[in-house]
1. Does ARG125 satisfy the condition of being among the charged types (D, E, K, R) and within 16 Å of ligand 3 (Cβ to nearest atom)?
2. What pairs come up if the first residue lies in the stretch 63-91 and is farther than 20 Å from VAL19 by Cβ, the second is of a type in the set (Asp, Glu) and surrounded by fewer than 16 Cβ atoms within 10 Å (Cβ to Cβ), and their beta carbons are under 8 Å apart, counting only those six or more places apart or on different chains?
3. When the residues of the stretch 134-189 are filtered to those that are more than 18 Å from GLN6 (Cα to Cα) and touching a residue at least 60 places away in the same chain (Cβ under 8 Å), which remaining residue is nearest to ligand 2 (Cβ to nearest atom)?
4. How many residues does the stretch 1-16 hold that are modelled with pLDDT under 95 and in contact with a helix residue (DSSP H, G or I) (Cβ under 6 Å, 6 or more places away or on another chain)?
5. If you check SER165, SER173, which single one turns out to be among the polar types (S, T, N, Q) and in contact with a strand residue (DSSP E or B) (Cβ under 6 Å, 6 or more places away or on another chain)?
6. Could you look through the stretch 145-169, keep only residues that are acidic (Asp, Glu) and assigned to a loop (DSSP other than H, G, I, E, B), and pick out the one that is surrounded by the most Cβ atoms within 10 Å (Cβ to Cβ)?
Amino acid sequence: MISSVQLQKITHFFHILDVNKNQVLQLDDFRIVASKICDAAGFQRGSVNYEKIIRQSYRIFIQILTDVEKEDEMEIKEDEWIRFFEIHLNPQKETDDTLIQGYVNRIVHYIFNLYDHNLDGYISREEYKLMFSIYHIDPTTSEESFSKLDLNNDNKISKTELISSLTEFFTSSDPQTTGNWIFGPVKFT
Ligand SMILES: [Ca+2]
Ligand SMILES: [Ca+2]
Ligand SMILES: [Ca+2]
């Protein structure tokens with residue numbers, strides 16, 4: 001079993017990704033995100049950059065569908081999402097453990113593809129703030145969250161820092177750990 005703290009984080013993550021709040025993850029959620037990113041960056045519909053962001057966002061969704069083995073139905077419900085993490089965060093064998101690390105690396109890769117707009121290999125405060133605004137995360141919490149993820153305090157989030165925080169987000173049962181803050185504060189009960 002996964003802990004109640006883990007369960008609450010995984011549920012929080014589901015609701016963050018469900019941007020149109022219809023309780024199901026579908027292609028539409030990822031299309032909305034891509035289109036908002038393009039608007040924020042000023043990419044015109046049909047331009048190379050616009051198409052690139054749309055493609056990357058779709059690819060994330062397809063990859064998630066593949067991980068959860070829901071390619072046929074093209075949608076994921078909350079209980080299916082939770083079941084996926086229950087299996088893979090509770091490794092019975094070595095390969096399950098590797099799968100979650102691969103999953104973490106992929107999500108971090110995608111976050112950088114979508115939000116590292118100046119392509120300097122880091123997520124700045126502004127880039128992180130944009131991510132909060134696109135996923136409807138309380139914007140007043142983005143500064144505090146950023147500081148918790150910026151482990152070496154150099155005012156930018158590196159890939160290594162994000163991988164470490166996201167690994168904590170999925171695997172830690174400590175409600176106080178900094179990695180819990182990656183998608184804003186989770187109100188643990
Ligand atoms: Ca949805
Ligand atoms: Ca950047
Ligand atoms: Ca840093």
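1. yes
2. Taking only residues 6 or more apart or on different chains, the pairs are ILE87/ASP96; HIS88/ASP96; ASN90/ASP96; PRO91/ASP97.
3. Result: ILE134.
4. 1
5. From the options SER165, SER173, the qualifying one is SER165.
6. ASP150
The values are calculated or read from the model by the stated rules, or taken from the named source; none is laboratory data. Not measured: the values here are computed from a predicted model. Ideal geometry is used to build each Cβ from the backbone, glycine not excepted, and the neighbour counts take in all protein chains shown.
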